[in-house]
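A short worksheet on the structure shown next.
The values are calculated or read from the model by the stated rules, or taken from the named source; none is laboratory data. Predicted model, so just to flag it, every value in this text is computed and none were measured. Every residue, glycine among them, receives a Cβ derived from its backbone with ideal geometry; neighbour counts consider all protein chains shown. Side chains included, ligands, DNA and RNA excluded: accessible areas come from the protein's heavy atoms. Shrake-Rupley method; radii C 1.70, N 1.55, O 1.52, S 1.80 Å.
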Amino acid sequence: MAARLLRAVVLGPPGSGKGTVCERIAKSFGLQHLSSGQFLRENIKANTDVGILAKQYLESGLLVPDHVFTRVIMTELDKMQSQPWLLDGFPRTLGQAEALDKICELDLVISLNIPFETLKDRLSARWIHPASGRVYNMEFNPPRVHGIDDITSEPLIRREDDKPEAVAVRLRKYKDAAKPVMELYKNRGILHSFSGTETNKIWPYVYSLVSSKIPPIQAEEVN
C-alpha cells in the first residue's frame, strides 16, 4: 500500500492516454485507479438513482450534465476517505474542481499535453467495448479478432464523436472547459504538465515525479 494518503488526478483530452498512465501509476505505486467513466457505467448498470438519471440523458443523445456526473464521483470518493487514490479524467470543468475541493485536498495533478494531430489519429483508430469501457486502437493495440472484444467476444463500437469530423469540435470543447481547471491547479503549485506524442516516452518523467511524492511498491527502470 502507498506510504501515505496521496490524492492525485490525471487530466488530458480524449485520446491522450490517461487510462494507460493511470494503470501504470496504480501498479507502480499501489494507488487505487478510479475511472470516472467506469463509475458512471457502474451506476447505470446498477440502476442507482443517479445512474438512472444519467442514462436518460445518454439515451436522448445528450451529454451527462455537470451536476449529475459530479454526484456520481462524489458518492464514490466518499467511500474511499481512508485510501490513497488516483482519479482518471475528473475534474473536467471548474464546477467539478470546486466540488472536489469540498471533500479533499489534492496533492498532485498530472496534465498530458498531446498534439492535436496525434489525438486525431488516435481517436480515429479507436474502438470501444461499451459495457466495460475497454479501448482498442487499430494501430498499436488491436483486438485479437477485428471488431470483437478480447474478453467477452462481444462486438466493439466506434463512438460517433471519435470520427474525424467530430474530433476537432470535441477537443475544442475539452480545451475550453479545462483551461480554468488547469489555471486553478497551476496557481496552487500542484499542476505538472507533460508533453509528447508517445506514452512510453512520457512515462519515465511521470514515474520520477510520482516517486518524489511516495515510494514505489516496485522499482522500475526509467532510463
Inset, instruction - Find the residue count for the range 133-160, including only residues that are modelled with pLDDT under 85 and open to solvent by less than 50 Å² (accessible area, probe 1.4 Å). - result: 1
Inset, instruction - Taking only the range 16-64 into account, find how many residues are more than 19 Å from A131 (Cα to Cα) and assigned to a loop (DSSP other than H, G, I, E, B). - result: 4
Legend entry - Condition met for R172 (open to solvent by 60 Å² or more (accessible area, probe 1.4 Å) and more than 18 Å from D88 (Cα to Cα)): yes
Legend entry - Candidates F39, F29, F90, filtered to the one that is within 23 Å of R172 (Cα to Cα), touching a residue at least 24 places away in the same chain (Cβ under 8 Å) and among the aromatic types (F, W, Y): F90
Inset, instruction - Kindly provide the set of residues from the range 77-88 that are surrounded by fewer than 18 Cβ atoms within 10 Å (Cβ to Cβ) and acidic (D, E), ordered by number. - result: D78
Inset, instruction - Go through the range 108-223 and tell me which strands (runs of 3 or more DSSP E), entirely inside it, have 1 or more residues that are farther than 28 Å from I44 by Cα, in contact (Cβ under 8 Å) with a residue 60 or more places away in the chain and not charged (D, E, K, R). - result: 108-113, 191-195
Legend entry - Any pair with Cβ under 8 angstrom, 6 or more apart, that starts in the range 60-86 at a residue that is hydroxyl-bearing (S, T, Y) and ends at one that is modelled with pLDDT under 85: S82/L5
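What are the residues in the range 58-82 that are polar (S, T, N, Q) and over 17 Å from E42 (Cα atoms), if any?
S60, Q81, S82
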